[in-house]
1. Of 172, 178, how do they rank once you tally other Cβ atoms within 10 Å and put the fewest first?
2. Summing Lys, Arg as +1 and Asp, Glu as -1, what charge do residues with Cβ under 13 Å from the Cβ of residue 99 carry, residue 99 excluded?
3. What per residue convex hull volume, in Å³, do the alpha-carbon atoms of segment 112-177 yield?
4. What does the convex hull of the Cα atoms come to per residue for segment 88-199, in Å³?
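Since every read-out is calculated from the coordinates, none of them should be taken as a lab result. Remember, it's a predicted structure, so these values are computed and weren't measured experimentally. Cβ placement follows ideal geometry from the backbone for every residue including glycine, while neighbour counts extend to all protein chains displayed.
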Amino acid sequence: MFASLSQRDRRALMLLGGALVLFLVLQFGSWLPSSGGTQSGESIEAAEQRFQVARARARQKPLVDAEFGAASQVESQMEQRLLAAQTAALAQAEMRELVGNLLAGEQITMQSTQFGAVRLEEDAFAQVPLVVNFNCGIEKFVNLMAAIANAPRTLSTRQIRISPEQGETKAVRVQLTVAGYLPVSRTPELVKKTGTAGGAF
């Protein structure tokens, strides 16, 4: 049958056969597993995961930076409001001057003062208390408490004792314990003392 075909038909059949072989090779070749196919797929998947992680970190970075900046600002403000003295003894003198100025600002006369024992406050600070005695009217005392809360240094009231003044006046006698704070690094003797006490049994 092939012999009865013309040369033109034979040439067409040969071209058709070649095309069929090429088609089968392409079809079946796409189904056969490639030795590097799995590794390539894994690399792409890993790259996509790394990209997603990098993008998530990039999105979170402004938030993290903002939170760190806010925390640093708060810490800086706290440090600025600590007592400026470099030792506990100087801090006591600073407390006396600071509280004296607050009393004078409310036109209250300081009668006497007493230094309390400097002690550790948590792990990072040293508390520097000052006991002060004075007489004043109720309104002036209220104003003094507001002034202490808004002082340029961080102060806390540790103890308040109030008794009425004798006579018909509306004045009161006050014993007030106010504390300022130092970084614990400025009181190495306190840290050493605390450590020795903690190590004893």
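1. In increasing order of surrounding Cβ atoms, one gets 172, 178.
2. Summing Lys and Arg as +1 and Asp and Glu as -1 gives 0.
3. So the per-residue hull volume is 84 Å³.
4. Here the figure is 100 Å³ per residue.
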